[in-house]
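One structure is given below, encoded as C-alpha cells.
No lab work stands behind these numbers, since they all come straight from the coordinates. This is a predicted model, so every value here is computed, not measured. Virtual Cβ from ideal backbone geometry, glycine too; neighbours counted across all protein chains shown.
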Amino acid sequence: MDRTVFITGASSGIGRATAELLAEKGFRIIACGRREERLQALKEKWGEKIHVLCFDVRDKDGVFKAVAQLPPEFRAIDILINNAGNAHGMDPIDQGSLDDWDAMIDINVKGLLYVTKALLPSLLDGSNSHIINIGSTAGKEVYPKGNVYCASKFAVDAINQALRIDLNEHGIRVGAVNPGLVETEFSEVRFKGDSPRAAGVYKGFQPLTPEDIAEVIHFVISRPPHVNIADLVVMPTDQASSTIVRKDL
Ligand code: NDP
Ligand code: 8X3
C-alpha cells in the first residue's frame, strides 16, 4: 500500500487518530496543522511515512505555498481528507462574537476550499483520487446556539455535493463523513480553554472516540474504486440527534 494521503488538522483529535491509523496501514501521510511540534511528534513515531506541513488554512497564499513546497515523493496526492476545523463559541445569535463567526467561516469553509483548490491539480492527475470532507451532524440539523458553526458545516455538506457533481466527469470519488459527538479538543477550543465546561459536554454518556472515526475513514477509503461512500453519519449509540442524548447524570 503506497497511496499518499493529505490530512488537514492532523495535530489533534480525529485528524491525528486518522494519520496514525493510516500510517499503521501503510499509507504515506502529509500531516498538516499549525502546531508543528505535535506534527513532528507524529513524524518521530512513524518516520519516513510522514511528511509534516505547517500552515494556517485561512492563509490563502500560505496554503498554495505549502503545497508547492512538497518534496517530489509526496507530490502525487491520492486522497485528501479535509478535516481541519473547529467551533468557536456557542452563543445565541444576537450575542455571537463576530471574531468567532469569522474564524468558523474562514477555517471550516474557506480554508477547506483553499486546500481543495490547491490539491486539485494533483488529484486530477491521479487515476483513483478521493476527497473525504469531514462534516458533522451539525451540518444536517441546526441546534440551539449552534448557528454559525452549523452554517459552516451545512456549507461543507453543500461543497461535498458540489465537488462530487463537478468532479464526476474526472472519476474522482468525493464523500463526507459526518460525526456526532466525538471527545477531542473540539469543546476545549469551542469554550476557549474552559476545561470543566468542555469535559461536561461528554459527561454521562459514551461519546465516540477519534479512533472510531479514523476506522470509518479507513473503511471509506479502502472500498474498491467503483464504490463511493457519498455521505455517512456516525453517532454514538447514546445520541439520537443533535439535541437528544441519553445521559445518566
Ligand atoms: P480538534 O480540536 O481536536 O482538532 C482540530 C484540528 O483542526 C487540529 O488539528 C487543528 O490543528 C486543526 N485546525 C484548526 N484550525 C486550523 C487552522 N486555522 N489552520 C489549520 N488547521 C487548523 O477537533 P476535532 O478532531 O474534533 O475536529 C476535526 C474535525 O471534525 C473538524 O472539522 C470538526 O468540525 C469535525 N467534527 C468534530 C466533532 C466532534 O464532536 N469532535 C463532530 C463532528 C465533526 P492546529 O490547531 O495545530 O492548527
Ligand atoms: C461537532 C458535533 O454536536 O458538538 O460537529 O456540534 S456538535
Report summary line: Counting only residues that are more than 10 Å from ligand 1 (Cβ to nearest atom), free of Cβ contacts under 8 Å to residues at least 60 places away in the same chain and either over 30 Å from ASP78 (Cβ atoms) or not β-branched (Val, Ile, Thr) (or both), segment 229-238 contains a total of 3
Requested in this report: Name every residue in segment 197-216 that is touching a residue at least 24 places away in the same chain (Cβ under 8 Å), within 11 Å of ligand 1 (Cβ to nearest atom) and either in contact with a helix residue (DSSP H, G or I) (Cβ under 6 Å, 6 or more places away or on another chain) or basic (Lys, Arg) (or both), in order of residue number.
Outcome: PRO210, ILE213, ALA214
Query raised in the report: Given the residues VAL67, VAL63, VAL115, which is the only one that is crowded, with 21+ Cβ neighbours inside 10 Å, touching a Phe, Trp or Tyr at 6+ places or on another chain (Cβ under 6 Å) and in a helix (DSSP H, G or I)?
Result: VAL63
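Conditions tested, residue by residue: (1) within 16 Å of the chain's Cα centre (by Cα); (2) in contact (Cβ under 8 Å) with a residue 40 or more places away in the chain.
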| position | (1), (2) |
| --- | --- |
| ALA76 | no, yes |
| LEU80 | yes, yes |
| ASP94 | no, no |
| ASN108 | yes, yes |
| TYR114 | yes, yes |
Report summary line: Wholly inside segment 129-241, strands (runs of 3 or more DSSP E) that include 2 or more residues that are in contact with a Ser or Thr (Cβ under 8 Å, 6 or more places away or on another chain) are 173-179
Report summary line: Over segment 155-196, the set of residues more than 12 Å from ligand 1 (Cβ to nearest atom), buried (at least 17 other Cβ atoms within 10 Å of the Cβ) and hydrophobic (A, V, I, L, M, F, W, C) is ILE159, LEU163, LEU167, ILE172, VAL174
